[in-house]
Amino acid sequence: MADRIDPADEAGVIEAVRQAVAKRTPLAVEGRGSKRAMLRPVQAGRTLSTGGLTGITLYRPEEMVLSARAGTPVAEIEAELARHNQVIPAEPPDLAALFGHAIPSTIGGMVATNLSGPRRIGPGGALRDQLLGIRMVTGHAELVRSGGRVHKNVTGLDLCKLLAGSHGTLGVLTEVTLKLAPRPEAGLTVALPVPGLAQGVAALSAGLGSPYGVSGAALLPAGWRGSGGPLAVLRLEDFARFLPRRAEALRGLLSSFGAAGLIEGDESAALWRDLRDAAPLAAAPDQAIWRISVRPSAAPDLCGRLDQAFEARLLLDWGGGLVWAAGPATAAAHQAVMAATAAAGGVFTLFRAPDPLRVAVPVLPQEAPALRGIADRVKAALDPAAVLNPGRMR
Amino acid sequence: MIALPEPDAAVLARRDTILRDLCRLVPDGPFGPGVIGDAVRLRVYETDGLSAYRQPPLAVVLPTSTEEVAAVLRYCHKEKIRVVPRGAGTSLSGGALPLADAVVIGLMRMNRILEVDFDDRLAVVEAGVTNLGITQAVAGDGFFYAPDPSSQLACMIGGNVMMNSGGAHCLKYGVTAGNLLGVTFVTIEGEVVRVGGGHLDAAGYDWLGLITGSEGQLGLVTEVTVRILRAAEGARAMLAAFRSNEVAGQVVDAIIGSGIIPVALEFMDRPAIHACEAFANAGYPLDAEAMLIIEVEGDTAEQDDLLGSLAAICNRFDPISLRVAETAEQSLAIWKGRKGAFGAVGRISPDYLCMDGTIPTGELPHVLRRIGEMSDSYGLKVANIFHAGDGNLHPLIMFDANDPDSFRKAEAFGADILKLCVEVGGCLTGEHGVGVEKRDLMSVQFTETELRQQRAVKSAFDPDWLLNSAKVFPLEGNPALAPRAHG
Ligand SMILES: Cc1cc2nc3c(=O)[nH]c(=O)nc-3n(C[C@H](O)[C@H](O)[C@H](O)COP(=O)(O)OP(=O)(O)OC[C@H]3O[C@@H](n4cnc5c(N)ncnc54)[C@H](O)[C@@H]3O)c2cc1C
């Protein structure tokens, strides 16, 4: 396709951006396009893909560090890590089912969207916290590196964090370096039926406030996996021999909320994979999906408001701090999400929606006026001709 | 010596007016003056943890609220007066070093804990609350604030945010950036912006991530929302000593390779062991070339299990001695020497420079060998302390401050070490920041294009370069100073 540029290397990316700037023809920047349906459609005639920049360029298991070109599929990296019993600690999701396709996520796309799974609540933090270094091509068609390949680095402004979650609007990532962690030897789930969201979030808070190392804390909607009501699930991961005692202690701690059961082995692993990928929401492809980040104690009220506004399908992760909501792809529903999120002091992302909706509404919250000016100037500093993903974020 | 820019004569000439105006903006309070202008009391603020550099500022203001900070910034912006933000002044890179024509904004009077929420596991505190103060406020309920710089008794959370500080336990718990939820940020124009809040992830650009570690270049932070964590059931340490740096380096690799991530994994070389032992009588093995302190967490049985596995790994490398703490007291004894390391080196040599590069951990033996050679050729002693799990190396270079030549040599030695860190794939600073100290070395790590890009991002926040100028970026490319620097 003439309107698709697929460079095989960094020099090709630089050349593509140089031409885009010279001809003033904006670019839709993507890896393989697995998250093309996120946020707003890009207003550009040409697509620049980093899908051709593949391969792991450095992997030192004993230093827990890996570098890969931006187009390397996440699954390929995870397979290589598995051979050394290591993982990307943030547990990045595989959203193919949610977006209804079979396109693999690339590592560059994952970093550019800064998506983390259930383990984000643990001490390892978000994907952006594990981003040690980047190479990117800016809108000046220049190669810029930030960070490096060592775990601790505070040299200069942290452009890694700025680029993580910038959705390709500030630079084209060509290579990323990540901090790794050992793959936990085993995991199991303490599952507690709860009467409602408020009790559920309270139970998750109790678990997360315990010293047993909870590495996942979610609230499943009624009906999922055959449960009659909402189910609070808490994951423990560590060496297998440590888990039985901790699970017992956690169940004891939660006994005031009710009797908790155990889900073990593959069943537990599958549950957290589904949660990571927001799989329960994948059905009904014409519905909109919002991803809302909120203070956990504000989640029940937020969910109540959404429920009142439309028939919301809800999934809570991060101890209640992450609310996935699915509902009708209407401006009214979106208004309700914006209002409820603002009231809760949180932030939303219109994660998936049919084009007419995502073209018409703000897909992200508006920034405070002072930050808006700064955002415009930062964008101009990195992409003065505005050739990178115009319209994607606002 | 690193050059400081010529002060702006026009600003110096207006000093009296400026002081009068500042006094109106920040009145005296019950606990002391709002503005300090007399020469004697300004000297308290003339330096920070990099005490070889001294420069009294034009004035110091000590606001007690975000509104006062905003008013001072609005004023300085309008009058084009430079600003140096300051927390406790423990920066080891000269990050809080004043400039002669600058107003220092000290946050130490903003020291209230505003909110603690155990259910949401967060605390909202003012920028002048000390790092340890946060943990003390939540420890009664079994919680703590994870990043623990050795300066935690004194250093303030605002300074921690701006330096993205680390600590001995960041191998497991991460650095400051991963433990923040939000800040109240005041721009140079005096606009107050809430960035982040009680939630984990930003939607849109990650301003919190960019502000963290920005060394006062982008704006001031007046309030911080931190994550607090439930403390582990218990922790215990062990000590293992080896015949060579190489062997100790292999042990570190073997530990990480085993899948056990200790909460702390500290390395000391022979001079560091000797200095600490003389100071603390911790019972460190004086015949060792290298020593590791390894700490694990869990309940007693888990600690026993993990320490047993770690001891087995150490035993494969023919240790000179191996000491596994049986009790919390024995653990403290193992840590005692390491925690007093700076004081210990200070006793051998009252003056030392604490360097802070990071290297890929596999390069440790090579880097220590090269540092040893440099030590011989400069004729200056050095002791090395290393956060071995994450590659952060702290060589302490001893010199004599009464001998200018000795100081010059120490600075050159330090610069050579940092260049070596970059050469082997590491970086100039792992946790202490660039400040003035490493400002002129930035071009060793970054290309001119990369520096230009970083400067452009700074300019987006601070177009006139009034905030902490003459730090972080080499003077040549500094748009506010360059014309003057070239006459
Ligand atoms: C004995 C000793 C041990 C140390 N150990 C460690 C360690 O283990 N790990 C580690 O990472 N560091 C360590 N440090 C370095 C130092 O303590 C940290 O950098 C600390 O975060 C600085 O905090 P502070 O409050 O003293 O900030 P300052 O030194 O006052 O300021 C630091 C920087 O931040 C800016 N700043 C301060 N407050 C604000 C604010 N509110 N808004 C905007 N900018 C601001 C200043 O302009 C300056 O650039 C140590 C220092 C000493 C003296």
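Figures for the structure shown
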item	result
Check on B:Leu171, in a helix (DSSP H, G or I), open to solvent by 20 Å² or more (accessible area, probe 1.4 Å) and at pLDDT below 95	yes
Some residue of segment B:2-19 being touching a Pro at 6+ places or on another chain (Cβ under 8 Å) and open to solvent by less than 60 Å² (accessible area, probe 1.4 Å)	no
Among (1) closer than 25 Å to A:Asp129 by Cα; (2) surrounded by fewer than 20 Cβ atoms within 10 Å (Cβ to Cβ); (3) of a type in the set (Asp, Glu) - the single one A:Glu63 does not satisfy	(2)
Where A:Arg372 falls short, out of the listed (1) buried (at least 24 other Cβ atoms within 10 Å of the Cβ); (2) out of contact with any Asp or Glu (no Cβ under 7 Å at 6 or more places or on another chain)	(1)
Residue match in segment B:89-102 (condition: more than 12 Å from the ligand (Cβ to nearest atom) and either touching a Gly at 6+ places or on another chain (Cβ under 6 Å) or open to solvent by less than 10 Å² (accessible area, probe 1.4 Å) (or both))	yes
Test: residue in segment A:50-60 that is under 23 Å from A:Phe351 (Cβ atoms) and open to solvent by 50 Å² or more (accessible area, probe 1.4 Å)	no
Residue among B:Leu220, B:Leu229, B:Leu200, B:Leu208 that alone is open to solvent by 10 Å² or more (accessible area, probe 1.4 Å) and within 14 Å of the ligand (Cβ to nearest atom)	B:Leu208
Boolean, B:Val161 is assigned to a strand (DSSP E or B), more than 7 Å from chain A (Cβ to nearest Cβ), crowded, with 23+ Cβ neighbours inside 10 Å and not polar (S, T, N, Q)	no
Residue satisfying condition, being under 24 Å from B:Glu373 (Cβ atoms), within 12 Å of chain A (Cβ to nearest Cβ), hydrophobic (A, V, I, L, M, F, W, C) and touching a Gly at 6+ places or on another chain (Cβ under 9 Å), within set B:Leu418, B:Leu451	B:Leu418
Residue that is farthest from A:Leu162 (Cα to Cα), among those in segment A:382-392 that are surrounded by fewer than 22 Cβ atoms within 10 Å (Cβ to Cβ) and of a type in the set (A, V, I, L, M, F, W, C)	A:Ala385
Residue identified as of a type in the set (A, V, I, L, M, F, W, C) and in contact (Cβ under 8 Å) with a residue 40 or more places away in the chain among B:Val193, B:Val221	B:Val221
Checking B:Glu189 against (1) open to solvent by 10 Å² or more (accessible area, probe 1.4 Å); (2) touching a Leu at 6+ places or on another chain (Cβ under 8 Å); (3) within 16 Å of the ligand (Cβ to nearest atom); (4) not in a loop (DSSP other than H, G, I, E, B), the condition it does not meet	(4)
Every pair of residues 6+ apart whose Cβ atoms lie under 8 Å, when the first sits in segment A:174-198 and is on the phi > 0 side of the Ramachandran plot and basic (Lys, Arg) while the second is assigned to a strand (DSSP E or B) and at pLDDT 95 or above	none
Breaking point among (1) more than 10 Å from chain A (Cβ to nearest Cβ); (2) near the ligand (Cβ under 9 Å from one of its atoms); (3) within 26 Å of A:Ala217 (Cβ to Cβ), for B:Val175	(1)
Residues satisfying the stated conditions in segment B:337-371, i.e. within 15 Å of the ligand (Cβ to nearest atom), within 17 Å of A:Asn153 (Cα to Cα) and open to solvent by 20 Å² or more (accessible area, probe 1.4 Å)	none
B:Ala412 vs. criteria more than 10 Å from chain A (Cβ to nearest Cβ), among the small types (Gly, Ala, Ser) and either in contact with a helix residue (DSSP H, G or I) (Cβ under 7 Å, 6 or more places away or on another chain) or open to solvent by 10 Å² or more (accessible area, probe 1.4 Å) (or both)	yes
Any hit, segment B:448-464, residues being in a strand (DSSP E or B), within 12 Å of the ligand (Cβ to nearest atom) and open to solvent by less than 30 Å² (accessible area, probe 1.4 Å)	no
So B:Val116, is it over 23 Å from the mean Cα position of the chain (by Cα), within 14 Å of chain A (Cβ to nearest Cβ) and of a type in the set (A, V, I, L, M)	yes
Any hit, segment A:26-36, residues being within 14 Å of chain B (Cβ to nearest Cβ), open to solvent by less than 50 Å² (accessible area, probe 1.4 Å) and in a loop (DSSP other than H, G, I, E, B)	no
Residues within segment A:106-117 that are in a helix (DSSP H, G or I) and within 12 Å of chain B (Cβ to nearest Cβ), tallied	3
Tally of residues being open to solvent by 10 Å² or more (accessible area, probe 1.4 Å), more than 14 Å from chain A (Cβ to nearest Cβ) and within 10 Å of the ligand (Cβ to nearest atom) across segment B:130-153	5
Conditions (1) in contact with an Asp or Glu (Cβ under 6 Å, 6 or more places away or on another chain); (2) among the β-branched types (Val, Ile, Thr); (3) crowded, with 24+ Cβ neighbours inside 10 Å: number failed by B:Ile397	(1)
Residue match in segment A:157-170 (condition: over 30 Å from B:Glu423 (Cα atoms), away from chain B (no Cβ under 11 Å) and in contact (Cβ under 8 Å) with a residue 60 or more places away in the chain)	yes
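Yes or no, residue by residue, for (1) open to solvent by less than 50 Å² (accessible area, probe 1.4 Å); (2) assigned to a loop (DSSP other than H, G, I, E, B); (3) more than 14 Å from chain A (Cβ to nearest Cβ); (4) farther than 16 Å from B:Leu239 by Cβ:
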{"residue": "B:Val251", "(1), (2), (3), (4)": "yes, no, no, no"}
{"residue": "B:Glu266", "(1), (2), (3), (4)": "yes, no, no, no"}
{"residue": "B:Tyr284", "(1), (2), (3), (4)": "yes, yes, yes, no"}
{"residue": "B:Ile293", "(1), (2), (3), (4)": "yes, no, yes, no"}
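The values are calculated or read from the model by the stated rules, or taken from the named source; none is laboratory data. Worth saying up front: this structure is predicted, and the values here are computed from it rather than measured. Counting neighbours? That spans all protein chains shown, and the Cβs are built from the backbone with ideal geometry, glycine included. Note: accessible area is taken over every heavy atom of the protein model, side chains too, but ligands, DNA and RNA are not part of it. Shrake-Rupley method; radii C 1.70, N 1.55, O 1.52, S 1.80 Å.
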